[in-house]
Each structure stands twice: as C-alpha cells, then as structure tokens.
1. Given the conditions (1) closer than 18 Å to residue 178 by Cα; (2) among the small types (Gly, Ala, Ser); (3) not in a helix (DSSP H, G or I), report the number of the one that residue 88 does not fulfil.
2. How many of the residues in segment 44-71 are modelled with pLDDT of 90 or more and either in a loop (DSSP other than H, G, I, E, B) or not assigned by TED's automatic domain parsing to the domain that holds residue 32 (or both)?
3. For segment 186-216, give me each residue that is at positive phi and either at pLDDT 70 or above or buried (at least 21 other Cβ atoms within 10 Å of the Cβ) (or both).
4. Got a sec? Which of 140, 146, 133 is modelled with pLDDT of 95 or more and over 14 Å from the mean Cα position of the chain (by Cα)?
5. Being aliphatic (A, V, I, L, M) and surrounded by 22 or more Cβ atoms within 10 Å (Cβ to Cβ) is the filter; apply it to segment 92-125 and report the residue that is modelled with the lowest pLDDT.
6. Residue check: is residue 183 closer than 30 Å to residue 134 by Cα and at pLDDT 55 or above?
7. Test residue 21 against the criterion of being part of a helix (DSSP H, G or I) and either in contact with a strand residue (DSSP E or B) (Cβ under 7 Å, 6 or more places away or on another chain) or modelled with pLDDT of 95 or more (or both), and give yes or no.
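The values are calculated or read from the model by the stated rules, or taken from the named source; none is laboratory data. Bear in mind the structure is a predicted one, so any value in this text is a computation, not a measurement. Every residue, glycine as well, gets a Cβ built from its backbone with ideal geometry; the counts of neighbours run over all protein chains shown.
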Amino acid sequence: MYLVQTAHPQFLGLLLGCLAWIFVMITTGLNEWRLWYLDVGNTSVITSGVAWVGIWRACFYSHVLAKVENCQSISIAAPFAPAEIPVAQVLMMLAVVAGLVANICGAVAMRLVYFSVADRRNMRLVFVLAGMLYLLTSGLCLVPLLWNINSVAKNNTIDFPQEFQLPSAPVRQQIGSAIGVGIFASVLSLISGLLFLSYRYVCRSLRSQEPRDTGEPVLGPQTKTSLHSSHLDTICIVKNKACDGR
C-alpha cells in the first residue's frame, strides 16, 4: 500500500519535535529562570543590581570582584535549594531523554511510511509510541516551568550560603527568558505528539485497506472471453451443431 501521501503532517510533527528537543536542552542549560532585582545600596558586590537564578547555578555581574560574571553551582542535594529547583533538575533531564527517544521513534515511523518498508506490522505501535513520548516530553518540561513561575509570583526566598554573596530575598523578582523558551518547547512537543497520534492508520488498521486474497484466479477480460468461447466450441462439437450465430 502506498502511504507517502498520508503522513505529511506527521513529517512536520517530526521536524517540530526535533526543534522542541533543541529548545528543551537550551532551557535546561540557561541561567535565566528567575531574575532577582537587588538593592544596590545593601550590597557592594553585585554592582549590576540583578542576579540570575537558574536550576544549576546562580550568577551575577560585578565590577568589584576579580571576575565580571560570578556563578555558583546549585547541586541536586543542596540543603538550601527549594524543592522546585532539584525537581526541575531531574524533570528537565528526563525531558531531554524522552525527547531524544521520541525523535528516534518518529524517524523510524517516517521510515516505515516514506521508504515503503515491506514489514509494517509495528507501524501503529511506533506512531503511538512517538506521540506518547512527545506528550511526555511536553509534560516533563512544563511542570518545573509552572512551579518556578508560581514561586516567582509569590516572591519566594532562597537562603543562599555566604559564598553565593546573594541575599535570601530580592526586592522583587520576575521570570527569566528560560521560562519563555521552555514553554515554547513544551507547546511544540505537544503539537508533535498530537500530530503523531492523529495519524489515520493509528486508529484504523492497515489490513482493511489491503487487497484480500480470495483464493480465486485473477482473470482478465480476454482470458474470460477465451475460456467462454472454448466452452461453447466444445458443446457445439459434441452436439454437432453450427455455432455461427452464437
């Protein structure tokens, strides 16, 4: 069965899924999850008045210290880190892995369609698996984003150790660019998952579209006519009748 014309939206879904996976990785590595605005009068170190708090590190600019950009790592077991930070570390890494596997499954699904692979028994399974993994990637990415948005909205504090040189509470804080990139990645991954799950042969069997072997010989029009004529000739010979008018 020729399926190339049936999977163009799913090919678009694969492209969107690859793009979403790239943005998920970018979101994971960015520091700008939260922007902390500080009172410069109360700190002589953070001369810029702004600090970036990510899920892996906290950074700020300073013209007083030896380095202009100063960053301190936040480990998953850091006792001062609020729950949303280690949870985000775990979920974002799982989102990266799930997105990678989803893209692999999506590529295999496209291969089954576009390269006319003879054995398509697992095609439905591969499409469903790719779609579900894309949805899982979207969910894994979206949960820590929404949690951090909630923390920013409540202006929650973080009791940083002394070596971070950051106060426990900012004057105010707002969401950073990483949140926007992550939401965009989640939406793309969600669209990819829905496109793969909406493929027509996910809900409808391929076998119903394939020609069935009835066990009868396939005869063309000329073959049937020839057999019919031969049968009449045989009858005419046996009965000694003229067959000019048949």
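1. The one condition residue 88 does not meet is (3).
2. So the count comes out to 3.
3. Taking segment 186-216 first, the residues at positive phi are 215.
Of everything in segment 186-216, nothing turns out to be at positive phi and either at pLDDT 70 or above or buried (at least 21 other Cβ atoms within 10 Å of the Cβ) (or both).
4. The match here is 146.
5. Taking segment 92-125 as the starting set, the residues that turn out to be aliphatic (A, V, I, L, M) are 92-98, 100-102, 104, 107-110, 112-113, 117-118, 123, 125.
Filter once more, so that each one left must be surrounded by 22 or more Cβ atoms within 10 Å (Cβ to Cβ): 92, 95, 98, 102, 109, 113.
Details: 92: 97, 95: 97, 98: 97, 102: 97, 109: 88, 113: 82.
The extreme case among them is 113.
6. Values: closer than 30 Å to residue 134 by Cα: yes; at pLDDT 55 or above: yes.
It is true that residue 183 is closer than 30 Å to residue 134 by Cα and at pLDDT 55 or above.
7. Values: part of a helix (DSSP H, G or I): yes; either in contact with a strand residue (DSSP E or B) (Cβ under 7 Å, 6 or more places away or on another chain) or modelled with pLDDT of 95 or more (or both): yes.
For residue 21, the condition - part of a helix (DSSP H, G or I) and either in contact with a strand residue (DSSP E or B) (Cβ under 7 Å, 6 or more places away or on another chain) or modelled with pLDDT of 95 or more (or both) - is met.
So that you can scan it fast, the table gives a plain yes or no per residue for (1) out of contact with any Gly (no Cβ under 9 Å at 6 or more places or on another chain); (2) farther than 13 Å from residue 186 by Cβ:
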site	(1), (2)
122	yes, yes
141	no, no
149	yes, no
155	yes, yes
